[in-house]
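Novice: For reference, the structure I am asking about is given below.
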Amino acid sequence: FLYFVFQPENLQKNWLREFYQVVHTHKPHFMALHCQEFGGKNYEASMSHVDKFVKELLSSDAMKDYNRARVYLDENYKSQEHFTALGSFYFLHESLKNIYQFDFKAKKYKKVTGKEIYSDTLESTPMLEKEKFPQDYFPECKWSRKGFIRTRWCITDCAFDLVNIHLFHDASNLIAWETSPSVYSGIRHKALGYVLDRIIDQRFEKVSYFVFGDFNFRLDAKAVVETLCAKATMQTIRAADTNEVVKLIFRESDNDRKVMLQLEKKLFDYFNQDVFRDNNGTALLEFDRELSVFKDRLYELDISFPPSYPYSEDSSQGKQYMNTRCPAWCDRILMSHSAKELILKSENDEKIVIYDHIGPNVCMGDHKPVFLSFRIAAGAGKPIANVHKCCVVQ
């Protein structure tokens with residue numbers, strides 16, 4: 001499973017090269033690619049890049065063995081009420097037989113043949129469910145595009161949901177720093193809870209599910225700053241007219257009062273970025289706490305890659321973080337506990353399940369894509385008592 005945020009300028013070639021390399025290495029038979037903020041921030045100017053990207057993906061030599069595809073692009077940016085800027089791609093290898101996709105309207109599985117692209121408005125497509133979060137979830141943002149798209153699949157009697165998700169960001173580093181957990185963490189918690197409740201409600205049979213995309217999970221800002229600047233003194237700078245805090249400066253107590261960290265609404269300038277890269281940032285994983293609320297509902301493999309955001313968008317700076325936010329593991333692949341049981345694990349070769357990032361040394365945009373590669377045993381989802389309903393095809 002793969003994920004990325006698409007920035008069209010000068011990145012497409014790099015991005016596709018790294019993506020194709022992963023495809024070539026792992027040779028998946030069923031491949032899901034979830035994208036958020038499709039077209040970048042400037043939709044009208046960027047949608048032509050999106051169309052070019054889609055054509056390239058569907059016709060490239062690297063993807064020639066994938067003879068069936070489903071592409072769902074939410075391109076209808078003029079509809080403020082519904083627009084999510086999400087894109088979900090699904091590719092099926094020619095060797096894979098009998099793949100079915102669920103029709104949510106007819107409540108039946110249908111055999112997948114050929115290549116189809118759905119865009120502009122997805123509301124009329126019965127093969128998915130799409131929702132944008134209500135405006136009151138994140139009132140600070142005048143026009144949020146956050147939401148989710150859900151599809152359901154059946155392979156070798158194994159049925160599962162794939163949910164493309166984009167949760168709310170941190171609007172201000174200063175506000176995120178004020179409380180632990182932050183107010184933004186609470187908003188994400190509410191939105192993710194809504195999605196999980198939605199996909200296991202009573203309308204459809206319950207199946208295993210994978211939720212992956214940009215969760216915007218952040219490190220506990222207060223705890224991180226207190227740890228990184230444990231021996232520092234803090235200077236508070238306020239706006240002259242409103243007395244509002246506009247900047248925090250943390251200086252070493254000795255060592256000529258060297259500045260360690262400067263914090264503003266959209267500035268997180270820490271003097272030593274190596275702490276986020278060394279040993280894949282493992283020392284900071286203890287501050288990655290947002291998923292813990294959902295430990296009874298969601299499972300994640302161990303993270304062994306550095307924080308996936310915010311990377312520099314300078315094409316010569318593949319490993320450099322931007323000084324806008326505290327680096328964090330925003331991009332994740334999570335699953336239900338029943339989905340975890342589906343993943344085939346070999347005692348002899350632990351590499352069968354791989355959870356990693358793409359393009360570690362290459363500029364891929366401000367997010368590094370994250371992928372999960374695994375095998376599902378044939379018939380893994382088949383209940384002992386009866387044959388699964390996805391065998392009934394219309």
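The values are calculated or read from the model by the stated rules, or taken from the named source; none is laboratory data. Source: prediction; values computed, not measured. Please note: Cβ atoms are built from the backbone with ideal geometry, for glycine as well, and neighbour counts cover all protein chains shown. Please note that ligands, DNA and RNA were not included when accessible areas were found on the heavy atoms of the full protein model with its side chains. Shrake-Rupley method; radii C 1.70, N 1.55, O 1.52, S 1.80 Å.
Novice: Could you list, in sequence order, all residues of segment 187-220 that are assigned to a helix (DSSP H, G or I), over 18 Å from the mean Cα position of the chain (by Cα) and under 30 Å from Phe268 (Cβ atoms)? Give the steps one after another, and end with the answer.
Specialist: Pass one, segment 187-220, residues assigned to a helix (DSSP H, G or I): 187-199.
Adding the requirement that they be over 18 Å from the mean Cα position of the chain (by Cα) leaves 197-198.
Scanning segment 187-220 gives no hits.
Novice: Same structure, new question: Which residues, counting only those in segment 253-264, are modelled with pLDDT under 95 and acidic (Asp, Glu)?
Specialist: Listed by number, the residues that qualify are Asp254, Asp256.
Novice: Check His26, His34, His93 and return the single one that is touching a His at 6+ places or on another chain (Cβ under 7 Å), at pLDDT 80 or above and closer than 26 Å to Ile343 by Cα.
Specialist: Exactly one of His26, His34, His93 is touching a His at 6+ places or on another chain (Cβ under 7 Å), at pLDDT 80 or above and closer than 26 Å to Ile343 by Cα, namely His93.
Novice: May I ask you to list the residues in segment 151-186 that are open to solvent by 30 Å² or more (accessible area, probe 1.4 Å) and among the hydrophobic types (A, V, I, L, M, F, W, C)?
Specialist: Hits for segment 151-186 are Ile175, Trp177, Val183.
Novice: So which residues in segment 139-174 are free of Cβ contacts under 8 Å to residues at least 60 places away in the same chain and over 19 Å from the mean Cα position of the chain (by Cα)?
Specialist: Pro139, Glu140, Cys141, Lys142
Novice: OK, next. Of all residues being out of contact with any Pro (no Cβ under 9 Å at 6 or more places or on another chain), among the charged types (D, E, K, R) and at pLDDT 95 or above in segment 321-373, which is surrounded by the most Cβ atoms within 10 Å (Cβ to Cβ)? Just the residue, please.
Specialist: Arg332
Quick grid of which residues meet (1) in a loop (DSSP other than H, G, I, E, B); (2) open to solvent by less than 10 Å² (accessible area, probe 1.4 Å):
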residue	(1), (2)
Val71	no, yes
Ala85	yes, yes
Phe89	no, yes
Lys97	yes, no
Ala106	yes, no
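Novice: Let me ask another. Quickly run through segment 234-280 and pick out the residues that are closer than 30 Å to Phe305 by Cα and open to solvent by 90 Å² or more (accessible area, probe 1.4 Å).
Specialist: Lys265, Lys266, Phe271, Asp278, Asn279
Novice: Check whether at least one residue in segment 127-135 is free of Cβ contacts under 8 Å to residues at least 60 places away in the same chain, farther than 18 Å from Glu37 by Cα and either assigned to a loop (DSSP other than H, G, I, E, B) or of a type in the set (Gly, Ala, Ser) (or both), and report yes or no.
Specialist: yes
Novice: Is one or more of the residues making up segment 273-293 in a strand (DSSP E or B), modelled with pLDDT of 95 or more and more than 25 Å from Ser144 (Cβ to Cβ)?
Specialist: Within segment 273-293 (the criterion being in a strand (DSSP E or B), modelled with pLDDT of 95 or more and more than 25 Å from Ser144 (Cβ to Cβ)), the answer is no, since none of the residues qualifies.
Novice: Just checking, does segment 305-318 include any residue being open to solvent by 60 Å² or more (accessible area, probe 1.4 Å) and within 23 Å of Ile237 (Cα to Cα)?
Specialist: No, every residue in segment 305-318 fails to be open to solvent by 60 Å² or more (accessible area, probe 1.4 Å) and within 23 Å of Ile237 (Cα to Cα).
Novice: Still on this structure: Name the pairs: first residue in segment 259-271 and closer than 11 Å to Cys326 by Cβ and in contact (Cβ under 8 Å) with a residue 24 or more places away in the chain, second residue of a type in the set (Gly, Ala, Ser) and not in a loop (DSSP other than H, G, I, E, B), Cβ to Cβ under 8 Å, at least 6 apart or on different chains?
Specialist: From segment 259-271, the pairs are Leu261/Ala232.
Novice: Within segment 108-124, which residues are closer than 18 Å to Lys78 by Cβ and in a loop (DSSP other than H, G, I, E, B)?
Specialist: Answer for segment 108-124, where residues must be closer than 18 Å to Lys78 by Cβ and in a loop (DSSP other than H, G, I, E, B): Ser119, Asp120, Thr121, Leu122, Glu123, Ser124.
Yes/no matrix, rows are residues, columns are (1) modelled with pLDDT of 95 or more; (2) surrounded by fewer than 19 Cβ atoms within 10 Å (Cβ to Cβ); (3) out of contact with any strand residue (DSSP E or B) (no Cβ under 7 Å at 6 or more places or on another chain):
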| position | (1), (2), (3) |
| --- | --- |
| Phe6 | no, no, no |
| Asn10 | no, yes, yes |
| Phe38 | no, no, no |
| Glu44 | no, yes, yes |
| Lys55 | no, yes, yes |
| Tyr66 | yes, no, no |
| Asn76 | no, yes, yes |
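Novice: What are the residue pairs meeting all of these: first residue in segment 195-216, first residue under 16 Å from Lys107 (Cβ atoms) and without any contact (Cβ under 8 Å) to a residue 60 or more places away in the chain, second residue of a type in the set (A, V, I, L, M, F, W, C) and open to solvent by 20 Å² or more (accessible area, probe 1.4 Å), Cβ atoms under 8 Å, and 6 or more apart or on different chains?
Specialist: Lys206/Ile200
Novice: Taking segment 110-124 as the search range and keeping residues that are in contact (Cβ under 8 Å) with a residue 60 or more places away in the chain and over 24 Å from Gly147 (Cβ atoms), which one is least open to solvent (accessible area, probe 1.4 Å)? Working first, answer last.
Specialist: Going through segment 110-124, the residues in contact (Cβ under 8 Å) with a residue 60 or more places away in the chain turn out to be 110-111, 117.
Those left that are additionally over 24 Å from Gly147 (Cβ atoms): 110-111.
Numbers: Lys110: 74, Lys111: 108 Å².
Residue satisfying both the conditions and the ranking: Lys110.
Novice: Which condition number in (1) under 17 Å from the mean Cα position of the chain (by Cα); (2) open to solvent by 70 Å² or more (accessible area, probe 1.4 Å); (3) within 19 Å of His357 (Cα to Cα) is the one that Arg289 fails?
Specialist: The number of the failed condition is (3).
Novice: Out of (1) touching a Gly at 6+ places or on another chain (Cβ under 9 Å); (2) open to solvent by 30 Å² or more (accessible area, probe 1.4 Å); (3) of a type in the set (Phe, Trp, Tyr), the odd one out for Trp143 is which?
Specialist: Evaluating Trp143 over (1) touching a Gly at 6+ places or on another chain (Cβ under 9 Å); (2) open to solvent by 30 Å² or more (accessible area, probe 1.4 Å); (3) of a type in the set (Phe, Trp, Tyr) leaves (1) as the failure.
Novice: Select from segment 22-34 the residues that are part of a strand (DSSP E or B) and either in contact with a helix residue (DSSP H, G or I) (Cβ under 9 Å, 6 or more places away or on another chain) or of a type in the set (S, T, N, Q) (or both) and list them in ascending order.
Specialist: Of everything in segment 22-34, those that are part of a strand (DSSP E or B) and either in contact with a helix residue (DSSP H, G or I) (Cβ under 9 Å, 6 or more places away or on another chain) or of a type in the set (S, T, N, Q) (or both) turn out to be Met31, Leu33.
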